[in-house]
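A short write-up of the structure that comes next.
The values are calculated or read from the model by the stated rules, or taken from the named source; none is laboratory data. Worth saying up front: this structure is predicted, and the values here are computed from it rather than measured. Heads up, the Cβs are rebuilt from the backbone with ideal geometry, glycines too, and the neighbour counts pull from every protein chain shown. The protein model used for the area step is the full one, side chains on, heavy atoms only, and it has no ligands, DNA or RNA in it. Shrake-Rupley method; radii C 1.70, N 1.55, O 1.52, S 1.80 Å.
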Amino acid sequence: MKTLVHTVRGYALFLVAMTAFCQGDHGTIAGVVKDPVGGIVAGAAVQATNTATGAVHKGTSSKQGAYSLADLPAGTYDVALTLPGLAPFSQKGVAVGPGKTASVNIELKEGSQLSTLGEDSLAIAADMKRHHPPAGPTPRTAEGKPDLSGVWWAPRTVDPGKPEFLAPAVEVAKKRADDNRKDSPQAHCLPSAVTRVGPLYEFVQSKAFLVMISDDDSPGFHQIYLDGRSHPKEPDPLWYGHNIGTWDGDTLVVDRVNFEENVWLDQEAHPHSDKLHVIERYRRVDLGHLETEVTVEDPGVLVKPFTMKRVSDLAAGEEIREFMCTENNRDLMHLVGR
(Lines give C-alpha, C1' and ligand atoms only; values in the text may rest on other atoms or scores of the structure.)
Protein backbone atom coordinates (compact mmCIF):
# COMPACT_ATOMS: atom_id res chain seq x y z
CA MET A 1 0.00 0.00 0.00
CA LYS A 2 2.85 2.40 0.89
CA THR A 3 4.45 1.61 -2.44
CA LEU A 4 1.23 2.58 -4.25
CA VAL A 5 0.94 5.84 -2.26
CA HIS A 6 4.55 6.70 -2.99
CA THR A 7 3.98 5.96 -6.66
CA VAL A 8 0.87 8.21 -6.83
CA ARG A 9 2.66 11.01 -4.96
CA GLY A 10 5.66 10.65 -7.22
CA TYR A 11 3.49 10.84 -10.33
CA ALA A 12 1.67 13.92 -8.97
CA LEU A 13 4.99 15.64 -8.27
CA PHE A 14 6.11 14.75 -11.79
CA LEU A 15 2.98 16.36 -13.26
CA VAL A 16 3.50 19.50 -11.18
CA ALA A 17 7.11 19.70 -12.28
CA MET A 18 6.22 19.20 -15.93
CA THR A 19 3.47 21.85 -15.73
CA ALA A 20 5.88 24.32 -14.18
CA PHE A 21 8.46 23.48 -16.85
CA CYS A 22 5.96 23.96 -19.68
CA GLN A 23 4.70 27.23 -18.21
CA GLY A 24 8.27 28.38 -17.77
CA ASP A 25 8.88 27.76 -21.47
CA HIS A 26 5.86 29.90 -22.44
CA GLY A 27 5.08 33.59 -22.22
CA THR A 28 2.30 36.14 -22.65
CA ILE A 29 1.41 39.14 -24.78
CA ALA A 30 -0.89 41.59 -23.00
CA GLY A 31 -2.06 45.16 -23.23
CA VAL A 32 -4.99 47.54 -23.59
CA VAL A 33 -6.97 48.42 -26.73
CA LYS A 34 -7.93 52.08 -27.19
CA ASP A 35 -9.80 53.94 -29.90
CA PRO A 36 -8.43 57.02 -31.77
CA VAL A 37 -9.56 59.40 -28.98
CA GLY A 38 -8.19 57.27 -26.15
CA GLY A 39 -11.38 55.48 -25.14
CA ILE A 40 -11.29 51.81 -24.23
CA VAL A 41 -12.40 49.24 -26.80
CA ALA A 42 -14.18 46.17 -25.47
CA GLY A 43 -14.75 42.98 -27.45
CA ALA A 44 -11.92 43.58 -29.91
CA ALA A 45 -10.40 40.42 -31.43
CA VAL A 46 -6.61 40.47 -31.08
CA GLN A 47 -4.45 37.82 -32.70
CA ALA A 48 -0.77 36.94 -32.55
CA THR A 49 0.88 34.88 -35.28
CA ASN A 50 4.06 32.94 -34.52
CA THR A 51 6.49 33.98 -37.25
CA ALA A 52 8.30 30.62 -37.17
CA THR A 53 5.37 28.19 -37.12
CA GLY A 54 2.49 30.27 -38.45
CA ALA A 55 0.36 29.25 -35.45
CA VAL A 56 -2.33 31.84 -34.67
CA HIS A 57 -3.35 32.66 -31.09
CA LYS A 58 -6.48 34.76 -30.48
CA GLY A 59 -7.95 36.74 -27.61
CA THR A 60 -10.66 39.34 -26.95
CA SER A 61 -10.42 42.58 -25.02
CA SER A 62 -12.42 42.83 -21.79
CA LYS A 63 -14.94 45.49 -20.75
CA GLN A 64 -11.96 47.46 -19.48
CA GLY A 65 -10.22 47.14 -22.86
CA ALA A 66 -7.56 44.74 -21.55
CA TYR A 67 -6.51 41.62 -23.43
CA SER A 68 -4.07 38.80 -22.70
CA LEU A 69 -2.71 36.10 -24.99
CA ALA A 70 -1.26 33.62 -22.52
CA ASP A 71 0.60 30.32 -22.81
CA LEU A 72 2.45 31.34 -25.97
CA PRO A 73 5.51 29.27 -26.89
CA ALA A 74 8.61 31.44 -26.63
CA GLY A 75 9.39 33.08 -29.96
CA THR A 76 8.58 36.05 -32.18
CA TYR A 77 5.02 37.11 -32.99
CA ASP A 78 3.14 39.49 -35.27
CA VAL A 79 0.24 41.12 -33.41
CA ALA A 80 -2.77 42.31 -35.42
CA LEU A 81 -6.24 43.73 -34.87
CA THR A 82 -8.80 44.78 -37.45
CA LEU A 83 -11.79 46.84 -36.34
CA PRO A 84 -14.33 47.99 -38.95
CA GLY A 85 -14.16 51.69 -39.69
CA LEU A 86 -10.65 52.13 -38.28
CA ALA A 87 -7.18 51.57 -39.71
CA PRO A 88 -5.87 48.01 -39.16
CA PHE A 89 -3.32 47.64 -36.35
CA SER A 90 -0.17 45.59 -36.88
CA GLN A 91 2.99 45.26 -34.81
CA LYS A 92 5.55 42.81 -36.09
CA GLY A 93 8.45 41.11 -34.35
CA VAL A 94 7.11 41.03 -30.79
CA ALA A 95 9.54 38.90 -28.75
CA VAL A 96 8.01 36.55 -26.17
CA GLY A 97 10.46 35.07 -23.67
CA PRO A 98 9.99 32.11 -21.30
CA GLY A 99 7.92 33.16 -18.31
CA LYS A 100 7.79 36.77 -19.55
CA THR A 101 4.96 39.13 -20.52
CA ALA A 102 5.44 41.33 -23.59
CA SER A 103 3.44 44.56 -23.35
CA VAL A 104 1.71 45.63 -26.56
CA ASN A 105 -0.78 48.45 -26.07
CA ILE A 106 -2.96 48.92 -29.13
CA GLU A 107 -3.85 52.52 -29.98
CA LEU A 108 -6.09 52.44 -33.02
CA LYS A 109 -5.95 55.12 -35.71
CA GLU A 110 -8.65 56.62 -37.90
CA GLY A 111 -9.41 54.93 -41.20
CA SER A 112 -9.85 56.63 -44.54
CA GLN A 113 -13.43 57.70 -43.66
CA LEU A 114 -12.30 59.56 -40.50
CA SER A 115 -15.29 58.16 -38.55
CA THR A 116 -17.75 60.13 -40.66
CA LEU A 117 -21.28 59.74 -39.28
CA GLY A 118 -22.65 56.48 -40.58
CA GLU A 119 -19.19 55.12 -41.39
CA ASP A 120 -17.82 55.23 -37.85
CA SER A 121 -17.08 52.11 -35.82
CA LEU A 122 -20.29 52.45 -33.74
CA ALA A 123 -22.46 52.59 -36.86
CA ILE A 124 -20.61 49.65 -38.37
CA ALA A 125 -21.04 47.69 -35.12
CA ALA A 126 -24.78 48.44 -35.29
CA ASP A 127 -24.80 47.08 -38.83
CA MET A 128 -23.07 43.94 -37.62
CA LYS A 129 -25.94 43.32 -35.20
CA ARG A 130 -28.24 43.17 -38.21
CA HIS A 131 -26.42 40.13 -39.54
CA HIS A 132 -28.80 37.20 -39.37
CA PRO A 133 -27.67 34.87 -42.17
CA PRO A 134 -30.32 32.28 -43.01
CA ALA A 135 -29.69 28.58 -42.59
CA GLY A 136 -30.01 26.05 -45.37
CA PRO A 137 -28.09 24.19 -48.06
CA THR A 138 -25.99 25.85 -50.74
CA PRO A 139 -28.25 26.89 -53.65
CA ARG A 140 -27.25 25.59 -57.07
CA THR A 141 -27.72 26.65 -60.66
CA ALA A 142 -29.41 24.61 -63.39
CA GLU A 143 -25.91 23.37 -64.33
CA GLY A 144 -25.36 22.07 -60.79
CA LYS A 145 -22.78 24.71 -59.81
CA PRO A 146 -23.03 26.59 -56.52
CA ASP A 147 -25.04 29.78 -57.05
CA LEU A 148 -23.15 32.72 -55.54
CA SER A 149 -25.95 35.17 -56.32
CA GLY A 150 -27.16 37.43 -53.55
CA VAL A 151 -26.39 40.58 -51.58
CA TRP A 152 -23.58 40.09 -49.08
CA TRP A 153 -22.31 42.08 -46.13
CA ALA A 154 -18.71 43.26 -46.45
CA PRO A 155 -16.42 40.33 -45.63
CA ARG A 156 -14.83 39.92 -42.22
CA THR A 157 -11.12 39.25 -42.45
CA VAL A 158 -10.43 36.07 -40.48
CA ASP A 159 -6.79 35.83 -41.59
CA PRO A 160 -5.01 38.93 -42.97
CA GLY A 161 -2.05 36.93 -44.25
CA LYS A 162 1.53 38.21 -43.94
CA PRO A 163 2.19 40.80 -46.66
CA GLU A 164 5.85 41.85 -46.90
CA PHE A 165 6.33 44.90 -49.10
CA LEU A 166 9.54 45.99 -50.75
CA ALA A 167 11.07 49.23 -49.48
CA PRO A 168 9.96 51.42 -52.44
CA ALA A 169 6.33 50.30 -51.98
CA VAL A 170 6.50 51.06 -48.25
CA GLU A 171 7.87 54.52 -49.05
CA VAL A 172 5.05 55.24 -51.52
CA ALA A 173 2.39 54.10 -49.02
CA LYS A 174 3.89 56.31 -46.30
CA LYS A 175 3.96 59.36 -48.57
CA ARG A 176 0.32 58.79 -49.56
CA ALA A 177 -0.68 58.49 -45.90
CA ASP A 178 1.33 61.59 -44.95
CA ASP A 179 -0.49 63.48 -47.72
CA ASN A 180 -3.85 62.55 -46.14
CA ARG A 181 -4.55 60.29 -49.13
CA LYS A 182 -5.44 63.37 -51.20
CA ASP A 183 -4.53 61.49 -54.39
CA SER A 184 -6.63 58.44 -53.56
CA PRO A 185 -8.58 57.41 -56.67
CA GLN A 186 -11.62 56.76 -54.49
CA ALA A 187 -11.50 60.37 -53.22
CA HIS A 188 -11.70 61.47 -56.87
CA CYS A 189 -14.72 59.26 -57.57
CA LEU A 190 -12.63 56.57 -59.23
CA PRO A 191 -12.56 52.87 -58.27
CA SER A 192 -11.36 51.88 -54.82
CA ALA A 193 -8.38 49.64 -54.02
CA VAL A 194 -8.06 46.24 -55.71
CA THR A 195 -8.45 44.23 -52.48
CA ARG A 196 -11.18 46.42 -50.94
CA VAL A 197 -14.82 45.33 -50.76
CA GLY A 198 -17.46 47.83 -49.68
CA PRO A 199 -20.12 47.64 -46.93
CA LEU A 200 -22.43 45.69 -49.24
CA TYR A 201 -21.75 43.87 -52.48
CA GLU A 202 -23.84 41.74 -54.78
CA PHE A 203 -23.15 38.79 -57.05
CA VAL A 204 -25.39 38.23 -60.08
CA GLN A 205 -24.58 34.87 -61.65
CA SER A 206 -25.39 33.38 -65.02
CA LYS A 207 -23.81 30.53 -66.95
CA ALA A 208 -21.44 32.84 -68.86
CA PHE A 209 -20.87 35.71 -66.39
CA LEU A 210 -20.63 36.59 -62.74
CA VAL A 211 -21.19 40.32 -62.14
CA MET A 212 -19.95 41.89 -58.91
CA ILE A 213 -21.69 45.12 -57.80
CA SER A 214 -20.51 47.33 -54.93
CA ASP A 215 -22.83 49.80 -53.22
CA ASP A 216 -20.22 52.55 -52.64
CA ASP A 217 -17.84 52.49 -55.59
CA SER A 218 -17.63 54.17 -58.98
CA PRO A 219 -18.62 52.71 -61.36
CA GLY A 220 -19.13 49.93 -58.84
CA PHE A 221 -19.38 46.83 -61.04
CA HIS A 222 -17.17 44.48 -62.98
CA GLN A 223 -17.62 41.25 -64.90
CA ILE A 224 -16.05 37.86 -64.25
CA TYR A 225 -16.13 35.75 -67.40
CA LEU A 226 -17.23 32.12 -66.94
CA ASP A 227 -17.42 31.23 -70.63
CA GLY A 228 -13.94 29.73 -70.97
CA ARG A 229 -12.20 32.70 -72.56
CA SER A 230 -8.55 33.55 -71.82
CA HIS A 231 -6.93 36.80 -70.76
CA PRO A 232 -6.15 39.14 -73.70
CA LYS A 233 -2.75 38.56 -75.26
CA GLU A 234 -2.06 42.29 -75.52
CA PRO A 235 -2.10 44.42 -72.34
CA ASP A 236 -5.44 46.15 -71.90
CA PRO A 237 -5.35 47.75 -68.43
CA LEU A 238 -8.63 48.12 -66.54
CA TRP A 239 -9.43 49.58 -63.12
CA TYR A 240 -10.92 46.26 -61.99
CA GLY A 241 -8.57 44.17 -64.10
CA HIS A 242 -9.51 41.41 -66.54
CA ASN A 243 -11.29 38.61 -64.66
CA ILE A 244 -11.85 35.01 -65.72
CA GLY A 245 -13.41 32.31 -63.55
CA THR A 246 -13.13 28.53 -63.56
CA TRP A 247 -14.64 25.93 -61.26
CA ASP A 248 -12.50 23.74 -59.00
CA GLY A 249 -15.17 21.42 -57.69
CA ASP A 250 -17.55 23.69 -55.74
CA THR A 251 -15.02 26.53 -55.53
CA LEU A 252 -15.01 29.35 -58.09
CA VAL A 253 -11.42 30.39 -58.86
CA VAL A 254 -11.16 33.93 -60.28
CA ASP A 255 -7.94 34.94 -62.04
CA ARG A 256 -7.38 38.73 -62.23
CA VAL A 257 -4.68 40.54 -64.27
CA ASN A 258 -4.19 43.70 -66.40
CA PHE A 259 -4.82 46.39 -63.79
CA GLU A 260 -4.84 50.14 -64.44
CA GLU A 261 -1.61 51.73 -63.23
CA ASN A 262 -3.33 54.32 -61.02
CA VAL A 263 -5.49 51.97 -58.95
CA TRP A 264 -4.23 51.42 -55.39
CA LEU A 265 -3.58 47.89 -54.20
CA ASP A 266 -5.14 48.09 -50.74
CA GLN A 267 -6.61 50.38 -48.09
CA GLU A 268 -3.12 50.93 -46.67
CA ALA A 269 -2.31 52.88 -49.87
CA HIS A 270 0.30 50.48 -51.27
CA PRO A 271 0.97 50.70 -55.00
CA HIS A 272 1.18 47.82 -57.46
CA SER A 273 3.23 47.06 -60.54
CA ASP A 274 2.30 45.74 -63.98
CA LYS A 275 3.08 42.26 -62.61
CA LEU A 276 0.07 42.28 -60.25
CA HIS A 277 -1.81 38.98 -60.29
CA VAL A 278 -4.75 38.32 -57.95
CA ILE A 279 -6.38 34.94 -57.45
CA GLU A 280 -9.74 34.83 -55.62
CA ARG A 281 -11.36 31.60 -54.48
CA TYR A 282 -15.08 31.75 -53.61
CA ARG A 283 -16.89 28.95 -51.79
CA ARG A 284 -20.51 29.19 -50.66
CA VAL A 285 -20.46 26.74 -47.76
CA ASP A 286 -24.22 27.01 -47.13
CA LEU A 287 -27.14 29.34 -47.83
CA GLY A 288 -25.98 32.15 -45.55
CA HIS A 289 -22.16 32.16 -45.74
CA LEU A 290 -19.53 32.80 -48.39
CA GLU A 291 -15.84 32.08 -47.82
CA THR A 292 -13.25 34.00 -49.83
CA GLU A 293 -9.52 33.37 -50.14
CA VAL A 294 -7.48 36.10 -51.88
CA THR A 295 -3.89 35.51 -53.00
CA VAL A 296 -1.91 38.56 -54.13
CA GLU A 297 1.19 38.10 -56.29
CA ASP A 298 3.28 41.07 -57.37
CA PRO A 299 7.07 40.69 -57.45
CA GLY A 300 7.26 44.40 -58.29
CA VAL A 301 6.12 45.44 -54.80
CA LEU A 302 6.00 42.27 -52.66
CA VAL A 303 8.79 40.12 -51.25
CA LYS A 304 6.55 37.09 -51.83
CA PRO A 305 2.86 36.35 -52.45
CA PHE A 306 0.47 36.42 -49.51
CA THR A 307 -3.04 35.09 -48.90
CA MET A 308 -5.87 36.60 -46.86
CA LYS A 309 -9.08 34.84 -45.85
CA ARG A 310 -12.52 36.41 -45.47
CA VAL A 311 -16.07 35.38 -44.63
CA SER A 312 -19.27 37.15 -45.75
CA ASP A 313 -22.82 36.78 -44.43
CA LEU A 314 -25.81 36.82 -46.75
CA ALA A 315 -27.52 40.22 -46.32
CA ALA A 316 -31.05 38.87 -46.44
CA GLY A 317 -33.58 41.63 -47.14
CA GLU A 318 -30.93 44.17 -48.18
CA GLU A 319 -30.50 45.62 -51.66
CA ILE A 320 -27.87 47.60 -53.54
CA ARG A 321 -28.93 51.16 -54.31
CA GLU A 322 -27.35 53.46 -56.87
CA PHE A 323 -24.27 55.37 -55.77
CA MET A 324 -23.33 58.76 -57.24
CA CYS A 325 -19.90 59.74 -55.93
CA THR A 326 -19.81 63.23 -57.46
CA GLU A 327 -23.29 64.14 -56.21
CA ASN A 328 -22.24 65.38 -52.78
CA ASN A 329 -18.46 65.02 -52.63
CA ARG A 330 -17.36 67.87 -50.36
CA ASP A 331 -14.19 66.32 -48.95
CA LEU A 332 -11.76 66.79 -51.82
CA MET A 333 -11.02 70.46 -51.13
CA HIS A 334 -9.97 69.56 -47.56
CA LEU A 335 -7.47 66.88 -48.61
CA VAL A 336 -4.55 69.27 -48.92
CA GLY A 337 -1.69 66.94 -47.95
CA ARG A 338 1.58 68.24 -46.53
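Normalised per residue, the accessible area of the chain is 56 Å², obtained with a 1.4 Å probe and no contribution from ligands, DNA or RNA. Considering only Leu226, Leu108, Leu166, the mean-square fluctuation computed in a Gaussian network model of the chain, springs between alpha carbons under 10 angstrom, is largest for Leu166. Peptides 237-245, 77-85 ranked from most to least packed by the mean count of surrounding Cβ atoms within 10 Å: 77-85, 237-245. With the simple spin-label model, which puts each label point 7 Å out from Cα in the Cβ direction, the Glu171 to Asp274 separation comes to 2.1 nm.
Defining a contact as two alpha carbons under 8 Å apart and six or more residues distant in sequence, what relative contact order in percent does segment 99-256 show?
Relative contact order of segment 99-256: 14 percent.
Computed from label points 7 Å out along Cα-Cβ, the spacing between Ser206 and Thr28 is 6.0 nm.
At 0.36 nm per residue, and after removing the present C-alpha to C-alpha distance, how many nm does the segment from Asp71 to Leu238 gain when stretched out fully?
On the way: separation 167, 0.36 × 167 = 60.12 nm, distance 4.81 nm.
Taking 0.36 nm per residue and subtracting the Cα distance, the gain is 55.3 nm.
In this structure, Asp248 and Lys92 have a Cβ-Cβ separation that, at R0 = 35 Å, corresponds to a calculated FRET efficiency of about 0.60.
Could you compute the FRET efficiency for Thr60 and Glu164, with r as their C-beta to C-beta distance and R0 at 35 Å, rounded to 0.05? Between Thr60 and Glu164 the formula returns 0.80.
Please label the shape of segment 22-103 as rounded, prolate or oblate, based on the square roots a ≥ b ≥ c of the eigenvalues of the alpha-carbon gyration tensor (a/c under 1.5 means rounded; beyond that, a/b larger than b/c means prolate, else oblate).
Verdict is prolate for segment 22-103.
Between the entries (i) 1.03; (ii) 0.96; (iii) 1.17, the label attached to Cα Rg over 2.2 N^0.38 Å calculated for this structure is (iii). For the peptides 176-184, 195-203, residues were scored by their other Cβ atoms within 10 Å and the scores averaged per peptide; the highest-first order is 195-203, 176-184. Highest-first packing order for the peptide set 151-162, 86-97 is 151-162, 86-97, based on the mean count of other beta carbon atoms within 10 Å. Label sites at Ala126 and Gln223, each approximated as a point 7 angstrom past Cα along Cα to Cβ, lie 4.0 nm apart.
Relative to the Cα centre, the charge distribution of the chain, modelled as +1 at Lys and Arg Cβ and -1 at Asp and Glu Cβ, gives a dipole magnitude of about 1440 debye. The Cβ shell under 9 Å around Lys207 holds other residues with a net charge of -1, Lys and Arg each +1, Asp and Glu each -1.
What is the percent carbon and sulfur in the accessible area of the chain, measuring with a 1.4 Å probe over the protein chains and ignoring ligands?
Carbon plus sulfur share of accessible area: 55 percent.
Placing unit charges on the Cβ atoms of the charged side chains and taking the dipole of the chain about its Cα centre, the candidate lying farthest along the positive direction among Ala80, Ala123, Val104 is Val104.
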